[in-house]
């Protein structure tokens, strides 16, 4: 994941002058395509397309030629650094089939630039983000029929970069593998694409996400609201960036989200929501820290309009309840429309599926 303190809207990282080129792509196609799933029955991340992208790297030879190959298992030495020391990272973006049958990506260069920053932080090999994006476009074009014919489904794209150093000991890897897999997906949450979810806010947890998630489910909630520090700063909701639409302490109508301070993931949808809201200029838009005490006070004094999460997987997800210190706090998101969350979701999906023209999208094929 991305750990850089730079904002996603900062200047793009400069790529290495040497690297793989999409024009050098080698393509090996499957003999017979697998049966496509029903787009109305998709479970997130469980079905995969026919092909994958693979690019090997060594410190001695640099990047090898990109290859599109039939989807297959990886063959790894038991001592690879990714398995022992978490020398690895991943990205996530989607391809959408538009109303005109064209396939679009949404602000994909932001993902590529974030992935490059992550690679440098993990001491993994750098690459040209534009060439990386061109390779992904070629893969999506090959598996274009795996992009669902549905406005409620899409093709999830998962780029991964792992250290494959076949030796024990914490050190900079001399071998790596970059690969991309594709998965047709429907709504991220089992409750549906725009149903409210509940959050478990427990100050004991920050990290060890699977353990905390299991505790959240045991407490009757669907996701974790991550709290940080002695002040219980609100950070993220599960894998989503968090937005609070409220009347702030000064009586102002405001949309607020936690700042990019090194803890918060600089999400592409997070940045897009901020860009949209600032363009509308209908209310104050802020990136600043919010404590649970301030949030609880706003809830109990009826100053909360909506709370929602955002992310590539869910797009926009309303929040309906927060369990904090044994108390269920009702969030009136759905009672209030949810006017803002619905407006944001409609604007984003209209661009993603080509209902409206936008320079935020790139046509693949």
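Observations, loosely collected:
- Residue-averaged 222 nm ellipticity for the chain, from DSSP H runs of 4+ at -39500 (n - 2.57), nearest 500: -6500 deg cm²/dmol
- The stretch 197-356 shape via C-alpha gyration tensor axes, a/c threshold 1.5: prolate
- Spatial offset of the stretch 252-324 relative to the stretch 126-142 amounts to 32 Å, using the alpha carbon center of each.
- Degrees between helix 268-280 axis and first principal axis of the chain (Cα, 0 to 90, nearest 10): 50
- Relative to the longest principal axis of the Cα atoms of the chain, the long axis of helix 129-142 lies at roughly 80 degrees.
- Cβ-Cβ FRET estimate between residue 284 and residue 231, R0 fixed at 22 Å, reported to 0.05: 0.45
- The relative contact order of the chain, computed from alpha carbon pairs under 8 Å that lie at least 6 residues apart in sequence, is 20 percent.
- For the pair residue 99 and residue 214, the difference between a 0.36 nm per residue extended length and the Cα-Cα distance amounts to 37.5 nm.
- When the alpha-carbon atoms of the stretch 278-359 are used, the pair Rg, Dmax equals 14.9, 47 angstrom.
- Rule-of-thumb Rg ratio for the stretch 97-250 [Cα; 2.2 N^0.38 Å; N residues]: 1.31
- Each listed q (0.15, 0.23 Å⁻¹) maps to a log10 I(q)/I(0) for the stretch 170-262 from the Debye sum over equal C-alpha point scatterers, namely -0.83, -1.20.
- Hull volume in cubic angstrom per residue (convex hull over the Cα atoms of the stretch 22-186): 118
- Mean Cβ neighbour count within 10 Å, used as a protection proxy, ranking 52-60, 128-136, 351-359, 69-77 highest first: 128-136, 52-60, 351-359, 69-77
- Paramagnetic label zone (point 7 Å from Cα along Cα-to-C-beta, residue 275; backbone N under 11 Å) in the stretch 87-122: 106-111
- Added length on full extension, which subtracts the Cα-Cα distance from 0.36 nm per residue, residue 204 to residue 297: 31.4 nm
- With Cα atoms, 0 to 90° folded angle of helix 209-218 axis to the chain main axis: 40
- Average Cα contact separation per residue, the stretch 243-365, under 8 Å, 6 or more apart, as relative contact order %: 22
- Counted over the stretch 205-316, the DSSP beta bridges are approximately 80% antiparallel.
- Peptides 210-219, 28-37 ranked from most to least packed, by the mean per-residue count of other Cβ atoms within 10 Å: 210-219, 28-37.
Since every read-out is calculated from the coordinates, none of them should be taken as a lab result. Predicted, not measured: the structure shown is a model, and the values here were computed from it. Positions of Cβ are backbone-derived with ideal geometry, glycine not excepted, and every protein chain shown enters the neighbour counts.
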